[in-house]
Amino acid sequence: MARFLYNILHIYLISIFLVTFACKVYVTHAEKKVQGMFVFGCSVVDNGNNNDKSVKGNYLPYGIDFPRGPTGRFSNGKNVADLIADHLSISRIPSFLSLKSNGSQNLNDSTIENGVNFASGASGIQEETSVKMGITSLKHQIKNFKKVVLPQLEDQAGNGRRNILGDYLFMIAAGNNDYTYYHTLHQDIIWDPLVFAAKLVSNYFVQFQSLYKLGARKFLVMSVYPVGCNPVITKKKGECLKGLNEAVDLFYEQLLLMVMQSKQDMPDADFCVVNSAKIILDIIKSPKAAGFKNVDTPCCDTMVEGTCKRGGRTCPNRKEYVFFDGLHLTEAASDVLASKAYYSDENSEIYPDNLQTLIHSK
């Protein structure tokens, strides 16, 4: 009898082991759905590409909560691209600037298999937005990817792989500065927000097509934030600029139309479009529900243009603030955005599917 019970227990333990092992294999397989991530866009995802430019965030208090201190991220800690990478179990993604050797076009020996971040703070979809600030535009970021990184990535993969980019996620967050600059520089001009949005998205689509032709198939698109609620703008009137946020909503609508129509030109591309403006505005309207207390003032002492003063003071309770400076979110607010992108099943927040669904769809 004892021997019989021993055998039953032995079989039970082996079964538990096999089930656990199978689960681990499944999880590992799921994680391998995305080999890495390439990031393009503006300061909301920049991780240090502007450190050699005038518009940069490589000084305290930026990075005060980041493990390695100030890196060039316009946040107290991680930005939304870092947090998306965490959801995908992708280890640190280097900035393009950090990989270049003494300004040459030859990359250092650092691995690029996990992806590369090309995003540049103050850049825009329109070339003129970036040119005004001497910043690397979205178009030029993609050019850097095509001319410098992609050839080396293909060399690392070997000749046996036809399209290695199908295993990567392409995250793009652009348009914030196009709206901010247009509002700031053209306040005395009557503009048609729908025409402006259509023009931006038309230019945007060209960049998506460029990446698609190179082999990109999985796209995570962060729509424009509610820039009308940025503290650098609201400090003058004490409230969000409704007209500017409504213009941003039109951009999102045009973006959805672009994705719907893209099936003709990019038939096997998969998109996850995040309605960043709605998600952030929901936090601002109901902060307690999301764990926040301050939704309209920066956590750090800011300069006129909205960035943190070098070595300036910061709030002690950063997890309770939505904005770290006058333009950018805290890590806590970005974490809400990243989690929504990955998990949300609300059509008003994500279109057509969340990121988790996208990466497991094929």
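How long are the semi-axes of the equivalent ellipsoid of region 185-261, taking √(5λ) for every eigenvalue λ of the Cα gyration tensor, in whole Å from largest down? It would help to have the intermediate numbers written out before the result.
Details: eigenvalues 163, 39, 22 Å².
The answer is 29, 14, 10 Å, longest axis first.
How big, on average over all directions, is the shadow cast by the Cα convex hull of region 239-362, in nm²?
9.4
Report, in listed order, any pair from LYS56/LYS100; LYS213/LYS340; LYS56/LYS139; LYS78/LYS293; LYS237/LYS309; LYS53/LYS199 with a Cα-Cα distance greater than 25 Å.
The pairs that break the limit, which is 25 Å between Cα atoms, are LYS213/LYS340; LYS53/LYS199.
Roughly how tilted is helix 2-31, in degrees to the nearest 10 and between 0 and 90, from the longest Cα axis of the chain?
30
Among THR180, HIS87, CYS42, which residue has its Cα furthest toward the positive end of the charge dipole of the chain, with +1 on Lys/Arg Cβ and -1 on Asp/Glu Cβ?
Result: HIS87.
Treating only the Cβ of Lys, Arg, Asp and Glu as charged (+1, +1, -1, -1), what charge dipole size does the chain show about its Cα centre? Round to the nearest 20 debye.
Taking the Cα centre of the chain as origin, the dipole is about 700 debye.
If you consider only alpha-carbon coordinates, what radius of gyration and Dmax does region 36-145 have, in Å?
Looking at region 36-145, its Cα Rg and Dmax stand at 13.2, 37 Å.
Taking only Cα atoms of the chain, what ratio of Rg to Rh do you get with Rh as the Kirkwood inverse-distance radius?
Using only Cα positions, Rg/Rh for the chain is 1.03.
Which residue, GLN254, SER130, SER339, has the largest displacement toward the positive end of the dipole of the chain when charges sit on each Cβ (Lys, Arg +1; Asp, Glu -1)?
Positive-most Cα among the choices belongs to SER339.
Only four residue types carry charge here, +1 at the Cβ of Lys and Arg and -1 at the Cβ of Asp and Glu. Report the dipole size of region 149-248 about the Cα centre in Debye, rounded to the nearest 20.
On the way: 10 positive and 8 negative charges, 32 e Å.
It comes to approximately 160 debye.
Along the Cα→Cβ direction, 7 angstrom out, place labels at HIS87 and ASP345. What is the inter-label distance in nm?
1.5
With N set to the residue count of region 292-336, report its C-alpha Rg divided by 2.2 N^0.38 Å to two decimal places. Show your work: numbers first, answer last.
On the way: Rg = 9.6 Å, N = 45, 2.2 N^0.38 = 9.3 Å.
This ratio for region 292-336 stands at 1.03.
Only bridges whose two residues both fall in the chain count here: according to DSSP, what percent of them are antiparallel, nearest 5?
Taking every DSSP beta bridge within the chain, about 25 percent pair in antiparallel fashion.
Can you tell me the 0 to 90 degree angle between the C-alpha axis of helix 193-214 and the longest principal axis of the chain, rounded to 10?
For 193-214 against the chain, the angle is about 40 degrees.
By how many degrees, between 0 and 90 and to the nearest 10, does the Cα long axis of helix 242-265 differ from the longest principal axis of the chain?
50
Show me 287-297, 164-174 ranked by packing, highest mean number of other Cβ atoms within 10 Å first. If you can, show how the numbers build up before the last one.
Numbers: 287-297: 14.9, 164-174: 23.2.
Per-residue mean Cβ counts within 10 Å order the peptides as 164-174, 287-297.
Any read-out appearing in this document is the output of simple, stated calculations on the displayed coordinates, not a laboratory observation. Bear in mind the structure is a predicted one, so any value in this text is a computation, not a measurement. So basically every Cβ, Gly included, is an ideal-geometry build from the backbone, and we count neighbours across all protein chains shown.
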